[in-house]
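Asks: Dropping the structure in here first, questions after.
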Amino acid sequence: MEIIKTEIPDVLIIKPVVFRDERGYFFESFHSERYRDSGIDFVFVQDNESKSQKGVLRGLHLQKPPFAQGKLIRVVKGAVLDVVVDVRRNSPYYGKWVSTILTEENKWMFWVPPGFAHGFLTLENDTVFFYKCTAFYNKGSEMAIRWNDPQLAINWGIEDPILSEKDKNSPFFSEFISPF
């Protein structure tokens, strides 16, 4: 696998080695020793999967400590624009965001450590999104930031995405008090 540091060095793109032939393909999506040797030294405790139609935007979500989650993200079917925002107060990248395109074809994965808000926009119908988490979900620890916050100025490439009520009404970044 190839590990690529993004503009925020703690956020990584992981390009697995994919073996393809006339039968299909095979790749190793997770190997704890290889990930640990690459600097991702976390125990994963929960797997999540969602399916969405084109134009659905979910985010920007995070959980506060002690339930803060690191996420190892990939797309099983379809494609997404995946976005993370650094919300670690003492980070030189606080308030900065990075994004990547994850698809069923490229098989890339995105490592998002605790201390980041996360969201994604589906680019194809019936997109299946999968991620491993380093902490269990805890409803009381949920936090969110408005997807179209003018201070963050994330380029989602869409004016009117399909949103949940929660995501439509999330606080702006200027109202967000980071627990990190």
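Bear in mind that the values in this text are calculations on the coordinates, not laboratory data. Quick caveat: nothing in here was measured; it's all calculated off a predicted structure. Because the Cβ atoms are built from the backbone with ideal geometry, glycine has one as well, and the counts that use them run over all protein chains shown.
Asks: Which numbered condition trips up V80, out of (1) under 23 Å from S141 (Cβ atoms); (2) under 15 Å from the mean Cα position of the chain (by Cα)?
Replies: Exception for V80: condition (1).
Asks: Working only within segment 37-55, note down all residues that are exposed (fewer than 11 other Cβ atoms within 10 Å of the Cβ), part of a loop (DSSP other than H, G, I, E, B) and among the charged types (D, E, K, R).
Replies: Residue satisfying the conditions is D41 alone.
Asks: Could you look through segment 56-103, keep only residues that are in a loop (DSSP other than H, G, I, E, B) and aliphatic (A, V, I, L, M), and pick out the one that is nearest to T127 (Cα to Cα)?
Replies: Among residues in segment 56-103 that are in a loop (DSSP other than H, G, I, E, B) and aliphatic (A, V, I, L, M), the one nearest to T127 (Cα to Cα) is A68.
Asks: Taking only pairs six or more apart or across chains, which ones have beta-carbon atoms under 6 Å, a first residue in segment 35-55 that is more than 11 Å from L72 (Cα to Cα), and a second residue that is surrounded by 11 or more Cβ atoms within 10 Å (Cβ to Cβ) and among the hydroxyl-bearing types (S, T, Y)?
Replies: Filtered contacts from segment 35-55: S52/T122; S52/T127; K54/T122.
Asks: Scan segment 92-105 and tell me whether some residue there is crowded, with 19+ Cβ neighbours inside 10 Å, on the phi < 0 side of the Ramachandran plot and touching a Lys or Arg at 6+ places or on another chain (Cβ under 7 Å).
Replies: Within segment 92-105 (the criterion being crowded, with 19+ Cβ neighbours inside 10 Å, on the phi < 0 side of the Ramachandran plot and touching a Lys or Arg at 6+ places or on another chain (Cβ under 7 Å)), the answer is yes, since at least one residue qualifies.
Asks: With respect to the numbered conditions (1) in a loop (DSSP other than H, G, I, E, B); (2) of a type outside the set (G, A, S); (3) buried (at least 20 other Cβ atoms within 10 Å of the Cβ); (4) without any contact (Cβ under 8 Å) to a residue 40 or more places away in the chain, which one is the sole condition not fulfilled by I177?
Replies: The failed condition is (3).
Asks: Just to be sure, is I4 closer than 23 Å to T127 by Cα and either free of Cβ contacts under 8 Å to residues at least 60 places away in the same chain or touching a strand residue (DSSP E or B) at 6+ places or on another chain (Cβ under 6 Å) (or both)?
Replies: When the stated conditions are applied, I4 does not pass them.
Asks: Moving on to the next point. Given the condition under 25 Å from K166 (Cα atoms) and in a loop (DSSP other than H, G, I, E, B), answer yes or no: does some residue in segment 15-36 qualify?
Replies: No, segment 15-36 has no match at all.
Asks: Would you mind stating whether N155 is more than 16 Å from the chain's Cα centre (by Cα) and assigned to a loop (DSSP other than H, G, I, E, B)?
Replies: no
Asks: Looking at (1) closer than 28 Å to Y94 by Cα; (2) touching a residue at least 24 places away in the same chain (Cβ under 8 Å); (3) surrounded by fewer than 16 Cβ atoms within 10 Å (Cβ to Cβ); (4) of a type outside the set (S, T, N, Q), find the lone condition where L60 falls short.
Replies: Unmet condition: (3).
Asks: Something else now. Of everything in segment 75-86, what is on the phi < 0 side of the Ramachandran plot, surrounded by fewer than 24 Cβ atoms within 10 Å (Cβ to Cβ) and touching a Leu at 6+ places or on another chain (Cβ under 8 Å)? Give them in sequence order.
Replies: Listed by number, the residues that qualify are A79, L81.
Asks: Out of segment 41-57, which residues are among the acidic types (D, E) and more than 16 Å from the chain's Cα centre (by Cα)?
Replies: D41
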